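Trainee: Supplied in structure tokens, the structure appears directly below.
The values are calculated or read from the model by the stated rules, or taken from the named source; none is laboratory data. Computed from a predicted model, the values in this text were never measured in an experiment. Cβ placement follows ideal geometry from the backbone for every residue including glycine, while neighbour counts extend to all protein chains displayed. SASA here: full protein model, heavy atoms, side chains in, ligands and nucleic acids out. Shrake-Rupley method; radii C 1.70, N 1.55, O 1.52, S 1.80 Å.
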Amino acid sequence: MTARVAVITGGSRGIGRATALAAAKRGYLVCVGYATNEAAADEVVGRVAAEGGRAVAIRCDVGSEADIVALFEAAERLGPLGALVNNAGVVDATARLEDMSAARIQRMMAINVTGSLVCAREAVKRMSTRHGGRGGVIVNLSSAAARLGSPNTYVDYAASKGAIDTFTHGLAQEVAAEGIRVVAVRPGLIDTDIHASGGDPERAHRLSKSVPMQRVGTAEEIANAIVWLMSDEASYVTGSILDVSGGR
Ligand code: NAP
């Protein structure tokens, strides 16, 4: 049997990296997407190979439609697409809305929202039985921010994740009879580089006391939920959004 391919955007670091390692262990040939950090993507590919799996690194800025199309064309050459994890996402500096430029908001939406929709479009074209595909799974990365709104921090980010929730509900219904399940995970405060990239490396740990479980989560705890949703054990799960947030 040819291994099915899983495309994981932003697979070079954090939650995407943990998901790439977990998906490879479950037999997927993993396309590790990355934006700029080639060394991190290569490390993931090397780790997968060392554990007996298969992965390739492909540069893809999800803010670019051309990059996304090229990513899926490269994935297609490796085997039949079985899964997309729409993981690539960004935050920005802590700010109130009055201080946000339109350029900042447009960048956030281009990467977090448009990027996820265009990746899903390319995946549906290849996985839908309507187009001769064998079906598959799309897992979108939302955030607890979609519920909480992130006031005084980044309401633009929270709004982008609210869009992911709505998109998950709609697309799940659109392709449910074509063999594709569409689900989302809402991580809470997870220990990754994303907080430093927003200029506040201690954010997750500082807020951990607001989590009912009194701690931050790990990238592996999110990856475990994602690969379960990708698996046949979740074969009747679609349109669902799973909170993995320690009760937050
Ligand atoms: P992270 O540690 O900052 O890693 C981000 C990953 O996305 C990297 O692999 C990075 O690639 C890639 N990336 C960044 N911009 C990109 C772009 N324009 N195009 C393609 N790839 C891009 O992030 P994370 O914490 O793992 O977050 C992953 C997802 O979970 C995001 O959607 C995030 O919103 C969501 N999430 C995270 C948390 C949390 O607390 N960590 C909570 C809720 C939701 P390079 O290595 O090349 O830079």
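Trainee: Just need the relative contact order of region 5-244 here, percent rounded to a whole number, with Cα pairs under 8 Å and 6+ apart.
Mentor: Worked out over region 5-244, it gives 19 percent.
Trainee: Share of the chain's accessible area from carbon and sulfur, percent, 1.4 Å?
Mentor: For the chain, the apolar C and S fraction of the accessible surface comes to 52 percent.
Trainee: Suppose accessible area is computed on protein heavy atoms with a 1.4 Å probe; arrange Thr218, Thr94, Thr153, Thr166 from highest to lowest.
Mentor: In descending accessible area the options line up as Thr166, Thr94, Thr218, Thr153.
Trainee: Testing the spin-label approximation: label points 7 Å from Cα along Cα→Cβ at Glu174 and Arg96. State their distance in nm.
Mentor: Simple spin-label model gives 3.8 nm for this pair.
Trainee: Please list 78-87, 100-109 highest first by mean number of surrounding beta-carbon atoms within 10 Å per residue.
Mentor: Peptide ranking by packing, descending: 78-87, 100-109.
Trainee: If you don't mind, there's one more thing I want to ask. Note down the accessible area of Asp99, probe 1.4 Å, to the nearest 10 Å².
Mentor: 120
Trainee: Then there's this: Can you give the three extents of the C-alpha atoms in region 5-244 along their principal axes, from longest to shortest, in whole Å?
Mentor: For region 5-244, the Cα extents along the three principal axes come out at 48, 39, 35 Å.
Trainee: Let me ask something else. Can you give the accessible area of Glu51 in Å² (nearest 10), computed on protein heavy atoms with a 1.4 Å probe?
Mentor: 80
Trainee: For the Cα atoms of the chain, what angle does the longest principal axis make with the long axis of helix 38-50, in degrees from 0 to 90, nearest 10?
Mentor: 50
Trainee: For every helix of n ≥ 4 consecutive DSSP H residues, a contribution of -39,500 (n - 2.57) applies; sum these over the chain, divide by its total residues, and give [θ] at 222 nm rounded to the nearest 500 deg cm²/dmol.
Mentor: When only DSSP H runs of four or more count, the value is -12500 deg cm²/dmol.
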